[in-house]
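Remarks on the structure that follows.
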Amino acid sequence: GSDDIIAGNVSKHTVLPGGYCGQPRKGHLIFDACFESGNLGRVDHITEFEYDLFIRPDTCNPRFRVWFNFTVENVKESQ
């Protein structure tokens, strides 16, 4: 699939709704996996409450994705 070509981790990646222009607001999530053992390769915005997350394959065995490690910031209350 398309997630097989993910090479690196997201690094302080702000996910904005499609068509949105301007500065990020509270609730525009910021994903980060640029640290040791981070493995989030891509994030797609679906709705305010739904995101598709693409986890990179394990380093020692690319056939598996058995864990995930990343952070999320800029969440608004009840999101």
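The values are calculated or read from the model by the stated rules, or taken from the named source; none is laboratory data. The structure displayed is predicted, hence computed values, not measured ones. Positions of Cβ are backbone-derived with ideal geometry, glycine not excepted, and every protein chain shown enters the neighbour counts. The protein model used for the area step is the full one, side chains on, heavy atoms only, and it has no ligands, DNA or RNA in it. Shrake-Rupley method; radii C 1.70, N 1.55, O 1.52, S 1.80 Å.
In whole percent, and with a 1.4 Å probe on the protein chains, what portion of the accessible area of the chain is carbon and sulfur?
On the way: 2870 of 5370 Å².
Using a 1.4 Å probe with all protein chains present, the chain comes out at 54 percent carbon and sulfur.
Accessible area per residue for segment 1-78 in Å², computed with a 1.4 Å probe and the full protein assembly in place, what is it? Mind showing how you got there, number by number?
Values: 5310 Å² over 78 residues.
That works out to 68 Å² for each residue.
Once you mark the GluC sites (Glu not before Pro) that are in a DSSP loop and have at most 10 other Cβ atoms within 10 Å, what is the longest gap between them in the chain? Display every interim value, and only then the final one.
On the way: sites that count: GLU36, GLU77.
That gives 37-76 as the longest site-free run.
Can you give the relative contact order of segment 1-78 as a percent, counting alpha carbon pairs under 8 Å and 6+ residues apart? Walk me through the numbers before you get to the answer.
On the way: 137 pairs, mean separation 25.4, N = 78.
It rounds to 33 percent for segment 1-78.
Take the Cα atoms of the chain, find their three principal axes, and give me the spread along each one in whole Å, biggest first.
For the chain, the Cα extents along the three principal axes come out at 39, 24, 20 Å.
Could you please report the charge total around LYS12, scoring K, R as +1 and D, E as -1 over all other residues with beta-carbon less than 9 angstrom from its beta-carbon?
On the way: positive: none; negative: ASP32, GLU73.
Once all neighbours under 9 Å are counted, the net charge is -2.
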